[in-house]
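The values are calculated or read from the model by the stated rules, or taken from the named source; none is laboratory data. As the structure is a computational prediction, the values presented were derived from the model and not from experiment. Heads up, the Cβs are rebuilt from the backbone with ideal geometry, glycines too, and the neighbour counts pull from every protein chain shown. When the accessible area is computed, the model is the full protein with side chains, heavy atoms only, and any ligands, DNA or RNA have been set aside. Shrake-Rupley method; radii C 1.70, N 1.55, O 1.52, S 1.80 Å.
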Amino acid sequence: MSKDKNQDKTGRDTHYATLRRNVRDAKRERGEIPTPPPKRQKSNKDWKPPQLQPEQVFLYGLHTVRAAIDNRERKLIKLSVTQNAFARLDIGEADALSFPVEFVSPQDIDNVLGPEAIHQGVMLETRPLPVRRLEALKESTLLLVLDQVTDPHNVGAIMRSAVAFGAGAVITTQRHSPTESGVLAKSASGALELIPYIQVTNLADALSELHKLGFQTIGLDSEGPAPIEGTFSGGRVALVLGSEGKGLRQKTRETVTALARLDMPGEIKSLNVSNAAAVALYATRQHLAKAG
């Protein structure tokens, strides 16, 4: 085979490998296939997280960063990115953007985010999103309330489901709940920019305020007296889910309008909180469509 033919074959192989990698990465960003665990050689026991200022947030991952850049409410400070990742972001020329762009190596980003972060060569320094108030939810018909759900991966997954089913906000407690962070945003895969994330000081008071706004609050409990399908009433619903281990706190159970369960005929009688949220959101959306 001639040298030119060998070069043509190598070029085609490289082109198709790039296409396959881009399709695979896009599926991972959308959550359609799992992200592989980081390679062990990236482990760095000496790494220490940087001391962040109160108004400093680092977001990472192509889909997460692109969504943050598109969000007009997000104040952007600086984009640190590899040349390859910048091309894949497809956000125009660096000099034409309204925020500084610094081209770096993947190792530079590792040094800030740590060896476990799947950053895909892109890191965005931003300010936190503006604080939202419950009064802003007067037009919503579906809300999701989290009673001390602590795992940012779960909260991020819940956000994705909340956006998918058209919820107006995710409400959680200021204590024992994840703050806005790169891990939360990466798990939400862009959803953090699409739905208000409201943290309240006192959840019982917030539920009472939702009652005044006309919401029926339904607490999900595996021992609930009735299936969720038979618990709905009215055209505005706030679903309340408890923490991964303890479930709803007693005060929350006493404050919600009703307690309900997800009926599961199989051998397993409980779901991860993010999975339970998705099922409950679907059932609630079905009710609201009929009540509409």
Of the residues in segment 189-202 that are closer than 18 Å to SER243 by Cα and not aromatic (Phe, Trp, Tyr), the one that is surrounded by the most Cβ atoms within 10 Å (Cβ to Cβ) is ILE198
From the list GLU135, GLU139, which residue is at pLDDT below 90, part of a helix (DSSP H, G or I), open to solvent by 60 Å² or more (accessible area, probe 1.4 Å) and out of contact with any helix residue (DSSP H, G or I) (no Cβ under 7 Å at 6 or more places or on another chain)? GLU135
If I go through segment 100-127 residue by residue, how many of them are free of Cβ contacts under 8 Å to residues at least 40 places away in the same chain and outside any loop (DSSP other than H, G, I, E, B)? 6
Conditions: (1) touching a Leu at 6+ places or on another chain (Cβ under 7 Å); (2) modelled with pLDDT under 95; (3) not acidic (Asp, Glu). ALA226 meets all but one. Number of the miss? (1)
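Would it be correct to say that GLU244 is over 30 Å from ASP70 (Cβ atoms), open to solvent by 50 Å² or more (accessible area, probe 1.4 Å) and touching a helix residue (DSSP H, G or I) at 6+ places or on another chain (Cβ under 6 Å)?
Numbers: over 30 Å from ASP70 (Cβ atoms): yes; open to solvent by 50 Å² or more (accessible area, probe 1.4 Å): yes; touching a helix residue (DSSP H, G or I) at 6+ places or on another chain (Cβ under 6 Å): yes.
Yes.
In segment 203-216, what residues are surrounded by fewer than 22 Cβ atoms within 10 Å (Cβ to Cβ) and in contact (Cβ under 8 Å) with a residue 12 or more places away in the chain?
Going through segment 203-216, the residues surrounded by fewer than 22 Cβ atoms within 10 Å (Cβ to Cβ) turn out to be 204-206, 208-209, 211-214, 216.
Selection gives ALA204, ALA206, SER208, GLU209, HIS211, LEU213, GLY214, GLN216.
Could you check segment 247-276 and list, in sequence order, the residues that are closer than 15 Å to ASN154 by Cβ and open to solvent by 40 Å² or more (accessible area, probe 1.4 Å)? Can you show your working first?
Taking segment 247-276 as the starting set, the residues that turn out to be closer than 15 Å to ASN154 by Cβ are 247, 270-276.
Result: SER270, LEU271, ASN272, ASN275.
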Filter segment 170-188 for residues that are more than 23 Å from LYS246 (Cα to Cα) and open to solvent by less than 20 Å² (accessible area, probe 1.4 Å) and give the result. GLY182, ALA185, ALA188
Filter segment 103-126 down to the residues that are open to solvent by 80 Å² or more (accessible area, probe 1.4 Å) and at pLDDT 95 or above and list them by number. PHE103
Pair list, Cβ < 7 Å and 6+ apart or interchain, from segment 71-99 residues that are within 17 Å of ALA185 (Cα to Cα) and acidic (Asp, Glu) to residues that are open to solvent by 30 Å² or more (accessible area, probe 1.4 Å) and assigned to a helix (DSSP H, G or I): none
Can you name the condition, by its number, that GLY121 falls short on among (1) within 21 Å of the chain's Cα centre (by Cα); (2) under 30 Å from THR172 (Cβ atoms)? (2)
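Here is a yes/no grid of residues against (1) open to solvent by 80 Å² or more (accessible area, probe 1.4 Å); (2) under 21 Å from the mean Cα position of the chain (by Cα):
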{"residue": "THR82", "(1), (2)": "no, no"}
{"residue": "ILE91", "(1), (2)": "no, no"}
{"residue": "VAL131", "(1), (2)": "yes, yes"}
{"residue": "SER161", "(1), (2)": "no, yes"}
